[in-house]
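Values in this text are rule-based calculations from the coordinates and carry no lab data. The structure displayed is predicted, hence computed values, not measured ones. Counting neighbours? That spans all protein chains shown, and the Cβs are built from the backbone with ideal geometry, glycine included.
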Ligand code: IMP
């Protein structure tokens, strides 16, 4: 069977990516299957840099096609932060959510515009790179709501909805999120590469 390695250690991301790819005849491996791969320092200046970096290192180590996601939350009032630093904005998800809410204290609903961005890259042996971006616009809530998902899901309401990602659950999120959009664009390239 054909193999694709997910170049992410983030469980929440991996669950969403696997869900989208489950209908294809592929064995989806993860970094846990390759403990010899060292921790990758995400020192790029853009989501694109980091996603290509992760996918190319993992593809080189495994000699297999690797798929990486680099993503983050851009908040207008914070001039695009946490952005590239989304995973390092606090010690855990709870702490990161609390920090965003604190920095937006006293800020009106109209000023709470934000977007999730995801750049998905597949690097295949020989170092050919395929890359696609997905954006999901919305706003930051005043308090955390909902129990599904991961990361900033409890404080993000996508445009056109009145529930957070964490309230709506994976079925809807996996149709409309930044990651879903990027995956919907890159899946045809995965299908073409593996000739599925
Ligand atoms: P990185 O791409 O591993 O650098 O980290 C992305 C970070 O952005 C995650 O650790 C989350 O904090 C946040 N993030 C990305 N996508 C989502 C999402 O779908 N929901 C909630 N938080 C997300």
*What nm distance separates the two modelled labels at residue 79 and residue 150, each placed 7 Å from Cα along Cα→Cβ?*
3.0
*Would you mind pulling out the separation of the Cα centroids of segment 126-158 and segment 173-196, in Å?*
16
_So if each residue of separation counts as 0.36 nm, and I subtract the Cα-Cα distance between residue 10 and residue 163, what length gain in nm does that give?_
52.7 nm
_Cut-off 19 Å, label 7 Å out along Cα→Cβ of residue 87, residues of segment 154-196 by amide N_ = 154, 178-183
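Could you state, as a whole-number percent, how many of the C-alpha pairs of the chain are farther apart than 21 Å? Walk me through the numbers before you get to the answer.
Numbers: 9525 of 19110 pairs.
Pairs farther apart than 21 Å: 50 percent.
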_Could you tell me how far the Cα centroid of segment 32-82 sits from the Cα centroid of segment 87-109, in Å?_
22
*Net length gained if the chain between residue 60 and residue 110 were fully extended (0.36 nm per residue, minus Cα distance)*: 13.4 nm
